Amino acid sequence: MKKALTVCKLCLRLLLRKGSNKGLALLIVAIALFSFFSTKHNGVLVEELKVRVLYSFSITYTFLSIAIIALTCFTIRRQIDSRNIHQLCSLPLSRINIWLGQAMALFIIAFFLLLTLYISIGGQATFIKKIFHPKKSKSSIKVFNHL
């Protein structure tokens, strides 16, 4: 396991050196912001939040899944081109340790990008609750009278 963690650290260092993770995090926040604030519903806060969070999460999570797949492919291709895989294979490491270490590094990056998505949507939901002004309709008056 110690060998797999060493490979994970090396792969994380290579991933963080390129800076594509920061760009992906910013792009995730931008897509979440755009999809959250571009959707509208009937003007009731509870329903409005349900629809906005659902749409924002669905669209951004789909993008995140595709981006992680692309990041994985590009990372492995970059490691083959720079001969890092060849150096790792020449060391006394089993193949399972190499692939497990790389998978752990990519899972860590994916976890932090998903955490960025959750924090972004949670912040947007908190922001919309503070600035929300309901429409003057009978359904919104009923909901706010029960609160």
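The values are calculated or read from the model by the stated rules, or taken from the named source; none is laboratory data. In this text the structure is predicted, and so the values were computed from the model without any measurement. Counting neighbours? That spans all protein chains shown, and the Cβs are built from the backbone with ideal geometry, glycine included. Heavy atoms of the whole protein, side chains included, go into the accessibility calculation; ligands, DNA and RNA do not. Shrake-Rupley method; radii C 1.70, N 1.55, O 1.52, S 1.80 Å.
For the range 1-71, calculate the relative contact order in percent as a whole number, restricting contacts to Cα pairs under 8 Å that are 6 or more residues apart.
28 percent
Taking 8 Å as the Cα distance limit and 6 or more residues as the minimum spacing, I'd like the relative contact order of the chain as a percentage.
On the way: 108 pairs, mean separation 61.2, N = 147.
Relative CO of the chain lands at 42 percent.
Among [x] 26, 23, 13; [y] 28, 17, 13; [z] 45, 13, 10, which is the computed semi-axes √(5λ) of the Cα gyration tensor in Å?
Recomputing semi-axes √(5λ) of the Cα gyration tensor in Å here gives the entry labelled [z].
Which trypsin sites (Lys or Arg not before Pro) does the range 2-108 hold that lie in a coil by DSSP with at most 13 other beta carbons within 10 Å?
Details: sites: K2, K3, K9, R13, R17, K18, K22, K40, K50, R52, R77, R78, R83, R95; in loops: K40, R83.
In loop regions of the range 2-108 (DSSP not H, G, I, E or B), the sparsely surrounded trypsin sites (Lys or Arg not before Pro) are K40, R83.
At a 1.4 Å probe, what is the % contribution of carbon and sulfur to the accessible area of the chain? Walk me through the intermediate numbers first.
Values: 6830 of 9690 Å².
Percent of accessible area from carbon and sulfur atoms in the chain: 70.
Across the chain, how many lysine pairs separated by 8 or more positions, or lying on different chains, have Cα atoms within less than 15 Å?
Counting lysine pairs in the chain gives 5.
Would you list the membrane-span-like helices of the chain, meaning whole DSSP H runs whose alpha-carbon atoms span at least 18 Å along their axis and whose mean Kyte-Doolittle value is at least 0.0? List each step's numbers first, then the result.
Values: long enough: 2-18 (25 Å, 0.50); 20-38 (26 Å, 1.68); 45-81 (52 Å, 0.92); 95-131 (54 Å, 1.37).
Passing helices, by number: 2-18, 20-38, 45-81, 95-131.
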